[in-house]
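A short write-up of the structure that comes next.
What follows draws every value from the coordinates through simple rules; no lab data is involved. In this text, all values refer to a predicted model and were calculated from it rather than measured experimentally. Methodologically, a virtual Cβ is constructed for each residue, glycine included, from the backbone with ideal geometry; neighbour enumeration extends over all protein chains shown.
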Amino acid sequence: MSTIGLILLLCAVLSGVVSSNSQTVHKRFEYKFSFKPPYLAQKDGSVPFWEYGGNAIASGESVRLAPSLRSQKGAIWTKQPIGFDWWEVDIMFKVTGRGRIGADGLAFWYTTQRGDYTGEVFGSSDRWNGLAVIFDSFDNDNKHNNPYIMAMLNDGTKNFDHKSDGTTQLLSGCLRDFRNKPFPTRARVEYYLNTLTVYFHNGLTNNEADYELCFRAENVVLPRGGYFGLSAATGGLADDHDVIHLLTSSLYSTQQAGGQQISNDEQQKLSQEYQQYQQKLEQQKEEYRKEHPDEVRDKDGEFDDWFESDGQRELRQIFQGLGQIQDVMRDLHKKVDEVIGKQMNSLSMLTAVYSHSQGQPLQPTQPGQVPQMPALPITRQDWEMMATNNQIMINTIAELKGFMIEVSRKSDTLLAGGAGSAPSPQLLNEMRDGLNQVKQTVASVAQRMAAAPPVVAEPMCATVSCVSTTTLLVVVTCQLLVMFLYGLYKERKEAQAKKFF
Ligand SMILES: [Ca+2]
Ligand SMILES: [Ca+2]
């Protein structure tokens, strides 16, 4: 085994020890079913644990499955079949071309047999047995629905229908553009407990958190012991199809993972070996530089990479800005989702409370769903505040009632005082004076009448008043009545004035 291969092995085992410890799924990196830069391909061009063919070319940094030339096909396959049931594969790739439209596309395979390098389906064999996840660039059926990502299961009997882009055969898929992105695009294919999930990273950022769900399919049964493969093909139109890494992890449930632990002694031994091999690698590098001084000088030239042109800088800044905007948008999106969720909750509660107060039975929102009376969001504090307010209102009403009773009583007193109270002494005096005046007048009239001779009574009428006694009495009575009423009116006025001032 080569030095680099061994280093990969040790890295893998060590990273396997530190396997992710999510609730139930345990993950272990599988170096024999993975490749990644640097030193992806060795000096002789071979990729450890993998074999490739057709027009595929492997370098230290990537595998070019099909170059941007017409009618190219290439593929890379694992040498060994997969020995575990559940797995996750992360593929980082770039599909780039100068054309606005590209062709044909790229495929990830898990099949019982390795495909032919001259096959008809995106650089591999038709009538495969297993799974294909296809990244179809070219829109054969002209329905404007490409580039498209899809999965197709085959039991070795079906031919892929290129004319319809496999529309009628696919298991599931999603419309995503994966061509000509500023950063490499990525796909994560997960097969765990018969559920197949494909996530996609659109390459607009290099943020690890930007994977999004493409599709999830349940009850997927794949044959055991298949091979992983990647293939690509070009047609009349052509893109470069480069794969930068393929990282495989096996997935285990908690019980399965129990038997996979490595003892401390083994761990120590492995890390010692790792250190030794790293030293050997450094020695080899040093020797290589001595043997190839020209290339060493070229290496020094790599410092040119430290500088960038104005255009590159501008682009980098634009991408950084876009990345930041996207981060903000993602945060906003999350927050808006939260707010909408809360609002929906409040709305449903309000609806429930309203229908309850209207005496209507609660309606189930969906058939078969049991209607539930949601709990009111009223705290103890709210209840106490409401009770206090109620008490204040009761007190105010009581005060108002007392005030009104008092007003009523006073008005009654006023009315009663006006109608039945005894006249004041002043009024009585005035009345007495008035009466005395009347009496005097009557007396003087009577004297005059008595003093006058009866014979001259008739002629006297010409010089003295000729009113009769009855007329006189009526006049006097009227005068008295007017005075009495005036007295009453004055009394009431004074009483009112005393009340208000
Ligand atoms: Ca197509
Ligand atoms: Ca199409």
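Tabulated data
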item	result
Least to most buried among Lys163, Lys73 (fewest other Cβ within 10 Å first)	Lys163, Lys73
Fewest-first sequence of Ser231, Ser71 by Cβ atoms within 10 Å of each Cβ	Ser71, Ser231
Relative contact order (percent, whole number), segment 3-261, Cα cutoff 8 Å, 6+ residue spacing	30 percent
Proxy reagent accessibility, fewest Cβ within 10 Å first, across His144, His333, His162	His144, His333, His162
Amide proton proximity set for Phe215, modelled H, under 5 Å, gap of 5+	Val198
Nonlocal amide H pairs with Ser124, under 5 Å, H built at 1.01 Å	Gly119
Of Lys181/Lys290; Lys43/Lys158; Lys73/Lys181, pairs whose Cα-Cα distance is over 31 Å	Lys181/Lys290; Lys43/Lys158
Proximal lysines to Lys490, defined as alpha-carbon separation beneath 28 angstrom and excluding residues fewer than eight positions away on the same chain	Lys410, Lys439, Lys498, Lys499
Positive minus negative residues near Phe108 (Lys, Arg vs Asp, Glu; Cβ under 11 Å)	0
